[in-house]
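Shown next, in structure tokens, is the structure this report addresses.
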């Protein structure tokens, strides 16, 4: 799937713009950003729930505008605008069976049974956790190539969350799908994804393969002998925390030369720490006014 110069304006204000992406099958992609940055708008625009203002969405070189049937390769459940509330799980399955030629009804019913979800039960009568589990069952049964999941772990308790993740990973192990997940639970997301896309100020700020990112970025904890932080360190790093003389920094372009400069300071402590998705979030999305730690 290719997304070219995608733009969506709501109430006269660009919510997303200049979005250019290639989404490859076989990848699990995390979409992260601060609240109200446009993650849900991005999903709704890509899948056609919102009419885009500019740009193209293509699958195998064909645009969704020219070949509407391509939308049957995409699945997304809108948390706010769906018809589930008054229907039974069985009826919801029948609707998707009609809408998607790839839908596997026998698999849908089997997954309901395996997860103790009663087909005759109305969706609105279920707890939020069971609703989340059902939506994952539905996502698997529809069997499409491109799956968009908006906060799929929100409100789930630990046991249900593990079951949802197990279902997802089991499905991906047996197929070649693209899955994009937005989530505020960065720790959970980090254990699933192999690529992260960061939205900031209406567009894409960063697009990382996690393995590549971690190969050239370092998170260091330092205790320097002097009280003054050298200018080269301020220039080449972003501070995550400063507690007394203990400084925790992220250096995005870590080189042998930079390491030599730091070691030349003869720091009391020089320790490399594990780099997390939360660190990436802070480094890319924290505004200067939020963390003026260097003085």
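Nothing in this text is a laboratory measurement; each read-out follows from the coordinates by a stated rule. Quick caveat, the model's predicted, so the values are computed rather than measured. Cβ: placed from backbone, ideal geometry, glycine included. Neighbour counts: every protein chain shown.
Here is how the numbers come out for the structure above:
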item: 145, 90 arranged by Cβ crowding within 10 Å, fewest neighbours leading; result: 90, 145
item: Crossing angle, helix 128-142 versus the chain [Cα axis fit, 0-90 degrees, rounded to tens]; result: 70 degrees
item: Antiparallel bridges, percent of DSSP beta bridges restricted to the chain (to nearest 5); result: 70 percent
item: The stretch 3-144 shape via C-alpha gyration tensor axes, a/c threshold 1.5; result: prolate
item: Paramagnetic reach from residue 269 in the stretch 208-231 [backbone N under 13 Å; point 7 Å along Cα→Cβ]; result: 220-225
item: Relative contact order [Cα under 8 Å, 6+ residues apart], the chain, whole percent; result: 20 percent
item: Structure-based [θ]222 nm, the chain - -39500 (n - 2.57) summed over DSSP H runs of at least 4, per residue, nearest 500; result: -9500 deg cm²/dmol
item: On Cα atoms only, tilt of 89-99 relative to the major axis of the chain in degrees; result: 90 degrees
item: Distance from the stretch 192-214 to the stretch 1-61 (C-alpha centre basis), Å; result: 14 Å
item: For the stretch 217-290, fraction of C-alpha pairs farther apart than 14 Å, in %; result: 59 percent
item: Footprinting exposure proxy for 22, 102 (fewest neighbouring C-beta atoms within 10 Å first); result: 22, 102
item: Paramagnetic reach from residue 194 (point 7 Å along Cα→Cβ, amide N under 16 Å) across the stretch 160-179; result: 169-179
item: Descending semi-axes in Å of the chain, equivalent ellipsoid built from Cα gyration tensor; result: 42, 22, 17
